[in-house]
1. Considering only segment 111-137, state which residues are buried (at least 18 other Cβ atoms within 10 Å of the Cβ) and within 29 Å of residue 275 (Cα to Cα).
2. Could you check, for segment 54-75, whether at least one of its residues is at pLDDT 95 or above and buried (at least 16 other Cβ atoms within 10 Å of the Cβ)?
3. Confirm whether residue 85 is part of a helix (DSSP H, G or I), under 16 Å from the mean Cα position of the chain (by Cα) and at pLDDT 95 or above.
4. Only one of these is more than 17 Å from the chain's Cα centre (by Cα), farther than 19 Å from residue 85 by Cα and not in a loop (DSSP other than H, G, I, E, B): 249, 270, 289. Name it.
5. Please work out which residue is nearest to the chain's Cα centre (by Cα), limiting yourself to segment 205-226 and to residues that are in a loop (DSSP other than H, G, I, E, B) and surrounded by fewer than 16 Cβ atoms within 10 Å (Cβ to Cβ).
6. Of these, 55, 50, which one is free of Cβ contacts under 8 Å to residues at least 60 places away in the same chain, within 22 Å of residue 180 (Cα to Cα), over 16 Å from the mean Cα position of the chain (by Cα) and in a helix (DSSP H, G or I)?
7. Out of 234, 259, I need the residue that is farther than 20 Å from residue 34 by Cβ and surrounded by 22 or more Cβ atoms within 10 Å (Cβ to Cβ). Which one?
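The values are calculated or read from the model by the stated rules, or taken from the named source; none is laboratory data. Small disclaimer: the values here were computed from a predicted structure and weren't measured. All Cβ positions, even for glycine, are placed from backbone atoms using ideal geometry, and neighbour counts span all protein chains on display.
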């Protein structure tokens, strides 16, 4: 019993550190958006992971049966586009709101798992989904039935991530975990290279999310680029270890602390302090995610 409690405490601590690391990555990425296009930040975010996974593949070859290449490509593409949208909106909305949108993914995972995988949707999860959508409305506060462009992309970042996560439930029976991770990071590396190569031949506006020419980082920007990749990798490693040590429901609940960290870091970077309605929306999204996580873990 004492060992279980010790492991639970370590799992909670590691997830708190993972959440802080994820928020730190967001903070450095937000600063970089003033100098580098989001598609380039996405490239630097993923290239570190590609190298890391590549090293493990060199040492230990993949063990898998395969057979779902299109689904693997879908997972990588949706994860890449969701991350790109996430980095893009950071330049235009507060960091806490950007992370909140991204953390709506468990709400959409519950819906997609019910629709596509036939998983049951407990009454608590259904209530949580409703609360989550109310929270999204309070954060976005649409003008009538129309959403602001950046709020719409924020919601897409949650939906895209959810589609990627849902596909993993099918892919894990066919592929090595590293292959699934590499499908995301590989697309997040190759995709930006293609888009940045096409950019000079496309008549795109300065705030275009997809097409932007490569901008060579200089000075402190290189340190921030390295920090984005480093904190992203640290976050993934700490999160993975946390799930190994502690029940998924507990760890998943603790993961919502990254919204709180992001609000604090964003405020330190100059973001306005959220008003009461935004705070309420964030609280509802967190509550929704926690309820969905606990309901599904049971």
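1. 125, 128, 129, 131, 132, 135, 136 - these are the residues of segment 111-137 that are buried (at least 18 other Cβ atoms within 10 Å of the Cβ) and within 29 Å of residue 275 (Cα to Cα).
2. yes
3. For residue 85, the condition - part of a helix (DSSP H, G or I), under 16 Å from the mean Cα position of the chain (by Cα) and at pLDDT 95 or above - is met.
4. Answer to the check: 249.
5. The selected residue is 207.
6. Going through 55, 50 in turn, the sole match is 55.
7. 259
Each row is one residue, and each column tells you yes or no for (1) out of contact with any helix residue (DSSP H, G or I) (no Cβ under 9 Å at 6 or more places or on another chain); (2) at pLDDT 85 or above.
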site: 3; (1), (2): yes, no
site: 11; (1), (2): no, no
site: 14; (1), (2): no, yes
site: 22; (1), (2): no, yes
site: 26; (1), (2): no, yes
site: 31; (1), (2): no, yes
site: 37; (1), (2): no, yes
site: 42; (1), (2): no, yes
